[in-house]
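Student: Mind having a look at this structure? Questions to follow.
FYI, it's all coordinate maths here, none of it is from the lab. Since this is a predicted model, take the numbers as computed values, not measurements. So basically every Cβ, Gly included, is an ideal-geometry build from the backbone, and we count neighbours across all protein chains shown.
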Ligand SMILES: Nc1nc2c(c(=O)[nH]1)N[C@H]1C(S)=C(S)[C@@H](COP(=O)(O)O)O[C@H]1N2
Ligand SMILES: [Mo]
């Protein structure tokens, strides 16, 4: 083992070291960073072994007859290349780099159930077929903005969160909702990186009135087919006016509450990852400006198209009334 090269943080390619990763590494995992470096190097070598290797599982079911909602058919930018989106992910259950698409294939998605409970009149447990049968599916092209200042444009497939609200009928005390991601410590572990001390499972939350907003969406597909595992199969949240970390992946439980829930990033570092986390260009992250963003593209990230960040990620007309600014 003595000859194994252990990269220092500054030797890891820029695309691998992201602000969210850097936070975890610096604050809690300096010791295990050597392991992370090995894991990252191993991962990218695997990624290079075969040119024909596909980041998108070829067995994913296509949604044939789902229409694009004309109200959300276009944004100001072209849709992001599907392969770029499929190999540049945040999914810390499977590692601390962007290159987790391969590791994420270990996520077991068969017989998936989503339990909806808490302060509701009709608690329910759904399987994926229930969603497909009960709720009309639609496609929506949304802008996506990570708190790390990278961005993309994605055609999601799914249904508005409001459908679940109407089905389970939250009581008047249910002012908040919590989304809980799949977690199994034997499966969801980033290769080479000890992430075991993070506040798992990954959780996120919204106010119930935010969840009822017409933009708030559950995606069960992307680019015309089921979600690849790295994007949070089989069902994830999409709240496009908020930073990407608000959109929990691979949801197993939805809980209505009378209080603001503790969430993953907010528990780790509340001053950097607020509960509200709306996209606001004039509110800098404590460690970087949010005034501009880069659309993920080909080549190194410093070459990606840089744009001004839009208030509420361009969705002010839908959500500005929810907030005092
Ligand atoms: N369960 C879970 N959900 C998650 C994350 C995660 O690490 N675990 N990362 C979040 C962050 S920081 C971002 S930017 C988006 C990334 O989604 P994508 O990889 O599909 O682009 O997922 C969000 N949802
Ligand atoms: Mo993110």
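Student: Which one is farthest from ligand 1 (Cβ to nearest atom) among residues in region 141-188 that are closer than 24 Å to residue 285 by Cβ and out of contact with any strand residue (DSSP E or B) (no Cβ under 7 Å at 6 or more places or on another chain)?
Tutor: Across region 141-188, the extreme among qualifying residues is 148.
Student: Of all residues in region 127-152, which are within 16 Å of ligand 2 (Cβ to nearest atom) and under 17 Å from residue 223 (Cα atoms)?
Tutor: 142, 143, 144, 151, 152 - these are the residues of region 127-152 that are within 16 Å of ligand 2 (Cβ to nearest atom) and under 17 Å from residue 223 (Cα atoms).
Student: Among 272, 276, which is the only one that is under 26 Å from residue 153 (Cα atoms), assigned to a loop (DSSP other than H, G, I, E, B), within 16 Å of ligand 1 (Cβ to nearest atom) and free of Cβ contacts under 8 Å to residues at least 60 places away in the same chain?
Tutor: 276
Student: Could I ask something else about it? Hey, among 294, 307, which residue is more than 30 Å from residue 108 (Cα to Cα), outside any loop (DSSP other than H, G, I, E, B), touching a helix residue (DSSP H, G or I) at 6+ places or on another chain (Cβ under 8 Å) and touching a residue at least 60 places away in the same chain (Cβ under 8 Å)?
Tutor: Just a single option satisfies the conditions, and that option is 294.
Student: Listed residues 122, 90; which is touching a residue at least 24 places away in the same chain (Cβ under 8 Å), surrounded by fewer than 22 Cβ atoms within 10 Å (Cβ to Cβ) and in contact with a helix residue (DSSP H, G or I) (Cβ under 7 Å, 6 or more places away or on another chain)?
Tutor: The match here is 122.
Residues checked against (1) crowded, with 24+ Cβ neighbours inside 10 Å; (2) within 16 Å of ligand 2 (Cβ to nearest atom); (3) farther than 14 Å from residue 158 by Cα; (4) in contact (Cβ under 8 Å) with a residue 12 or more places away in the chain:
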| position | (1), (2), (3), (4) |
| --- | --- |
| 224 | no, no, no, yes |
| 230 | yes, yes, yes, yes |
| 243 | yes, yes, yes, yes |
| 248 | yes, yes, yes, yes |
| 252 | no, no, yes, yes |
| 265 | yes, yes, yes, yes |
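Student: Of the numbered conditions (1) more than 23 Å from residue 217 (Cβ to Cβ); (2) out of contact with any helix residue (DSSP H, G or I) (no Cβ under 7 Å at 6 or more places or on another chain), residue 255 fails exactly one; give the number of that condition.
Tutor: Of the numbered conditions (1) more than 23 Å from residue 217 (Cβ to Cβ); (2) out of contact with any helix residue (DSSP H, G or I) (no Cβ under 7 Å at 6 or more places or on another chain), the odd one out for residue 255 is (1).
Student: Out of the residues in region 159-182 that are assigned to a strand (DSSP E or B) and in contact with a helix residue (DSSP H, G or I) (Cβ under 8 Å, 6 or more places away or on another chain), which is nearest to ligand 2 (Cβ to nearest atom)?
Tutor: In this case the residue turns out to be 181.
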